[in-house]
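Novice: Sharing a structure with you now.
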Amino acid sequence: MERGAAALIREGWFRETCRLWPGQAMSLQVEELLHHQRSRYQEILVFRSTTYGNVLVLDGVIQCTERDEFSYQEMIANLPLCSHPDPRKVSRPRALAASRTPTSPGPVGSGAPAPPRTPPRASPRRLAAPRPAYTSFPPLPPQVLIIGGGDGGVLREVVKHPTVESVVQCEIDEDVIQVSKKYLPGMAVGYSSAKLTLHVGDGFEFMKQNQEAFDVIITDSSDPMGPAESLFKESYYQLMKTALREDGILCCQGECQWLHLDLIKEMRQFCKSLFPVVEYAYCTIPTYPSGQIGFMLCSKNPNTNFREPVQQLSQQQVEERSLKYYNSDIHRAAFILPEFARKVSRAVLLLLQQM
């Protein structure tokens, strides 16, 4: 066994411990060590477990397993996308359309080619009045931005939505992408989508350069340690707000209510100061700490109701999209919190009313 991996795998077992969840550990029996390296940013480990398939570990913390990854990926993608009305597809003026060729789309403002336009269709979305700064520019196509998510799972779920015309993904560590393509092909399948524009680099800088560009932003981050700690701060949510369009929605990894209730309270508080609508939801996933993970959802549209999906999937749609966890009923249930967490939510609202 490689020297670095030996510290994580002992006597045939991988054991996860972390200062963010002291006093507890998660162990998986290892069948075979598949990959181990240190990238420019982090330690990457992949092993085949006896019961959960291939497992991706970053800096000693489990990111996903083949057996249970779908619950997190489906929820972080579908909670925001099914809460956003179908974006109306508006044709570009002929002169602008002629300047582009029908190939894969590039990032907003990059001048890269875009896909051919399809005729507009009826949609429940109400078009907002254009802002003065954009009156001389045509509307941009519906876009989703994914920050992180190098394993490809979120991307896989996003590109299943027919109303999503283009997806931009910003992942800082290209090695995670390549490792996932090799050892997690069922997750990384989305990288072959023609809807994707992949940007390997800093998501912070990308959003600074692309303001009011996206309908939905999804942040698939690791836990708040090291560089990822900044993704749980008010300044990051402010940056996402400026990168969203007028009716935009965001969804971010929101930690576990059993372990990080104080952090969730802090996040809800500063999110409510930035957005008119803020909700916390969660799902179950066995290999994450305490078997749960949460999501912070925010909308710039005060009429958004995250608890009732705008796009309700039929059983046929669920099966066509090969969904294993998400459906419209689980969407509604995800926002029903246990009493100890609900009290924190009420306390935040009371505090904001007094300010």
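Bear in mind that the values in this text are calculations on the coordinates, not laboratory data. Please read these numbers as outputs of a predicted model, since none were measured by experiment. Backbone-built Cβ (ideal geometry, glycine too); neighbour counts: all protein chains shown.
Novice: With r as the distance between the Cβ atoms of Gln209 and Glu308 and R0 = 30 Å, compute the FRET efficiency 1/(1 + (r/R0)^6) and round to 0.05.
Specialist: Working: r = 35 Å, r/R0 = 1.16.
So, using R0 = 30 Å, E works out to roughly 0.30.
Novice: Can you give the charge dipole size of the range 217-355 about its Cα centre, rounded to the nearest 20 debye, using +1 on the beta carbon of Lys and Arg and -1 on the beta carbon of Asp and Glu?
Specialist: Numbers: 14 positive and 15 negative charges, 70 e Å.
Roughly 340 debye, rounded to the nearest 20.
Novice: Excluding residues fewer than 8 places away in the same chain, name every one of the aspartates and glutamates whose C-alpha is closer than 12 Å to that of Lys182.
Specialist: Cross-link targets: Asp151.
Novice: Quick check: pseudo-label points 7 Å beyond the Cα along Cα→Cβ at Glu174 and Glu339, how many nm apart are they?
Specialist: 5.5 nm
Novice: Could you give me the ³J(HN,Hα) list for the range 74-84, computed from phi with Karplus coefficients 6.51, -1.76, 1.60 and θ = phi - 60°, whole Hz, x at Gly and Pro?
Specialist: After applying 6.51 cos²θ - 1.76 cosθ + 1.60, I find 5, 6, 5, 8, 7, 4, x, 5, 7, 9, 9 Hz.
Novice: Which pairs, out of Lys181/Lys324; Lys208/Lys324; Lys241/Lys265; Lys241/Lys343, put more than 31 Å between their alpha-carbon atoms? Don't skip to the answer; put the middle values down first.
Specialist: Numbers: Lys181/Lys324 21 Å; Lys208/Lys324 36 Å; Lys241/Lys265 19 Å; Lys241/Lys343 27 Å.
Table pairs above 31 Å Cα-Cα are Lys208/Lys324.
Novice: Label the range 5-65 by shape, choosing from rounded, prolate and oblate, from the square roots a ≥ b ≥ c of the eigenvalues of the Cα gyration tensor; if a/c is under 1.5 it is rounded, and otherwise prolate applies when a/b is larger than b/c, oblate when it is not. Show your work: numbers first, answer last.
Specialist: Values: a/c = 1.58, a/b = 1.04, b/c = 1.52.
Note, shape of the range 5-65 comes out oblate.
Novice: What is the extension gain from Ser192 to Arg48, computed as 0.36 nm multiplied by their sequence separation minus the C-alpha to C-alpha distance, in nm to one decimal?
Specialist: Working: separation 144, 0.36 × 144 = 51.84 nm, distance 2.44 nm.
Contour length minus Cα-Cα distance gives 49.4 nm.
Novice: Would you mind putting 196-205, 282-291, 157-166 in packing order, based on average other-beta-carbon counts within 10 Å, highest first?
Specialist: Values: 196-205: 16.4, 282-291: 19.1, 157-166: 20.7.
Taking the mean over residues of other Cβ atoms within 10 Å, the ranking is 157-166, 282-291, 196-205.
Novice: Provide the packing ranking of 52-64, 334-346, i.e. peptides ordered by the mean count of other C-beta atoms within 10 Å per residue, highest first.
Specialist: Values: 52-64: 21.8, 334-346: 13.4.
Highest-to-lowest ranking by the protection proxy: 52-64, 334-346.
Novice: With a ≥ b ≥ c the root eigenvalues of the C-alpha gyration tensor of the range 278-355, is it rounded (a/c under 1.5), prolate (a/b larger than b/c) or oblate? Walk me through the numbers on the way to the answer.
Specialist: Values: a/c = 2.93, a/b = 1.49, b/c = 1.97.
Oblate, since a/c reaches 1.5 and b/c is not below a/b.
Novice: Using just the C-alpha positions of the range 186-310 as equal point scatterers, what log10 of I(q)/I(0) does the Debye formula give at each q in 0.10, 0.14, 0.17 1/Å?
Specialist: Those come out to -0.33, -0.67, -0.99, one per q.
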